[in-house]
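The values are calculated or read from the model by the stated rules, or taken from the named source; none is laboratory data. Only a predicted model underlies this, so the values are computations on that prediction, with no experimental measurement involved. Glycine gets a Cβ as well: all are built from the backbone with ideal geometry, and neighbour counts include every protein chain shown. Just so you know, the surface numbers come from the protein's heavy atoms only, side chains and all, with ligands and any DNA or RNA stripped out. Shrake-Rupley method; radii C 1.70, N 1.55, O 1.52, S 1.80 Å.
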Amino acid sequence: MTSTDRILTKYSKIADSLIGRIESGEFPPGSKLPSLRKICLFEECNLSTAVEAFGILQERGFISGRERSGYFVLPRPELFHKYKLEKPVRVPNPSVPEEVSSLMSELADPGFIPFGAAVPDPQFLPFSSLQKSYKKSLKDTQVYKYSDAAGILELRKKIAIRASGKERRIRPEEVFITLGCSEAAYLALSLNTKPGDKVAVESPLHFVLYQILSELKLKAVEIPTDPYTGLDLRSYVSVIKKESPKFLITIPTFSNPTGSLMPPDSKKELLKISSKFGVKILEDDIYGDLQHHGGLRPPSLLSLDGEGIVTQVSSLSKSVSPGLRIGWMISERSKIENARKTRLAEAISLPTVPQLAASYFMSSLAHERHLREFRRRLSGLVLSYADSFLEYFPKGTLVVIPKGGFLLWVELPKGKDSRVLRFQAAKKKISLVPGNLFSLSGKYVNNFRINAGVLMSPKVISAIQTLGKIAKEI
């Protein structure tokens, strides 16, 4: 055997050993591998051999490296079944815990480190390009008129084009502009349900959607999700047969709070199941444009829907600017007409300036340039946050690393209560969202959600260290 053969064998053995440890669960998805230096010491090899071994793991899709952060274990389909799924839970009278109000007050306080807010750092937003779009809108004669009750036609055209797919071509007449995604979701559910109807919801799910269910007096059935692949389809079928829900609420592309991404084949299967049993779907696609790596945007349920069973809601709040308050609902024309009648009775129309500004911005090359740069920066930032939480939090802490968006779903070791962590953190002017708020039945008490869209700074790192110290003590 030549010296070259021995080197090849050495780094191959190191790679195989690490793969075995990953597959055994010693290094679960989201965890950080030992540093190259530690691998060199443990395996008694030189740095180049360790680098080659890690290169094999990267090529095979086991890990992802990030400069100054290290190497992280990526989710792999063959490992997904190892996550224990909760059972579906019926919630007859959904109500949102009172602590949501105090949490929202914290999020509005500029003195808090905003880990609890699901909004990107202002430095990520395209201020210069938006200012140019606003200046153009002020010169447009439409700015002095009422807009169509459904929204400015040019903006609806832009949204329709971006939302279309091979199976469903969206027309502007199917788009209704709203004040953000939450209003769109409220409108969609109010137009398609009546008090007392059963609605299936993926769990965990963003608590604002639970507030809407409570307001509309809808009954909920929580369906478990995998933190990487989203809604569990077997549980969904079981719930349909037992509970006969009228609607399903899901965030299949980079969910809030876990960041899960349902594979394309699973999305197609979800549509088949829903069509077979006559269940309509409300798809929240607000993070859909924020995939971390290059390539095509993950397909939305709407784009794959050839039968018109999906109503989609989304907005520019997460990808462009929360302050624009531009959201939308995409649905069948009869629902759009009903929404138009409601708008005419309540407010006639929405303000024209932000609609025009959004339309000009989405028509420009600046929009795609902004999204490309935003995605690139988010990818590294999310890994940096994951690295910091794994470094400073108690041993056994797990971090779900998403493939898009900027939210991290953190699981504390058993016996740790995120509600206690949240209250102790608030005393230190640090906000976070405890996991129980993402479940109507009070699950996920040892989970919490973090906004990893805040730029790293000494103050932010100090806040993470403080959270880690509190987590170790509670």
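Ordering D109, D16, D226, D265 by accessible area with a probe of 1.4 Å, largest first, what comes out?
Details: D109 55, D16 85, D226 10, D265 115 Å².
The most accessible residue leads, giving D265, D16, D109, D226.
For the chain, what is the accessible area per residue in Å², given a 1.4 Å probe and the full set of protein chains?
Details: 21400 Å² over 474 residues.
It amounts to 45 Å² per residue over the chain.
For the chain, what % of the accessible area comes from carbon and sulfur atoms, probe 1.4 Å? Can you show the working numbers first?
Details: 11290 of 21400 Å².
Exposed carbon and sulfur together represent 53 percent of the surface.
How far apart, in nm, are two points set 7 Å out from the Cα along the Cα-to-Cβ line at R333 and at R60?
5.5
Which value, to two decimals, describes the C-alpha radius of gyration of the stretch 373-473 once divided by 2.2 N^0.38 Å? Walk me through the intermediate numbers first.
Details: Rg = 13.0 Å, N = 101, 2.2 N^0.38 = 12.7 Å.
It is 1.02.
From zero outward in steps of 10 Å, how is the percent of C-alpha pairs of the chain spread across the bins?
Using 10 Å bins, I get a P(r) of 4, 19, 28, 26, 15, 5, 2, 0, 0 for the chain.
Output the 0 to 90 degree angle, nearest 10, between the alpha-carbon long axis of helix 99-108 and the longest principal axis computed from the alpha carbons of the chain.
For helix 99-108, the angle is close to 90 degrees.
For the chain, what's the relative contact order in percent, using C-alpha pairs closer than 8 Å and at least 6 residues apart? Before the final figure, lay out the partial values.
On the way: 883 pairs, mean separation 97.3, N = 474.
The normalised contact order for the chain reaches 21 percent.
Exposed loop trypsin sites (Lys or Arg not before Pro) only (DSSP loop, at most 12 other Cβ atoms within 10 Å): please give the longest stretch of the chain free of them, not including the sites.
170-394
How tilted is helix 365-392 with respect to the longest principal axis of the chain? Cα atoms for both, answer in degrees (0 to 90, nearest 10).
The helix 365-392 is inclined about 50 degrees to the chain.
Tally Lys and Arg at +1 and Asp and Glu at -1 over the other residues with C-beta under 15 Å from the C-beta of S182: what net charge comes out? Before the final figure, lay out the partial values.
Details: positive: K318, R325; negative: E183, E215, E283, D284, D285.
So the surrounding residues net to -3.
How large is ³J(HN,Hα) for each residue in the stretch 116-126, as worked out from phi by the Karplus curve 6.51 cos²θ - 1.76 cosθ + 1.60 (θ = phi - 60°), to whole Hz, x for Gly and Pro?
Using θ = phi - 60°, the values come out as x, 7, 8, 9, x, 4, x, 5, 7, 7, x Hz.
Taking the square root of 5 times each eigenvalue of the Cα gyration tensor, what semi-axes in Å does the equivalent ellipsoid of the stretch 268-376 have, largest first? Before the final figure, lay out the partial values.
On the way: eigenvalues 133, 112, 18 Å².
They are 26, 24, 9 Å, listed largest first.
Roughly how tilted is helix 458-473, in degrees to the nearest 10 and between 0 and 90, from the longest Cα axis of the chain?
Compared with the principal axis, the helix lies near 70 degrees.
Subtract the Cα-Cα distance of L296 and R169 from 0.36 nm times their separation in residues, and report this length gain in nm to one decimal.
Numbers: separation 127, 0.36 × 127 = 45.72 nm, distance 1.77 nm.
Gain in length upon complete extension: 43.9 nm.
Show the residues, 5+ positions off or on another chain, whose built amide H is closer than 5 Å to the amide H of G230.
The answer is L261.
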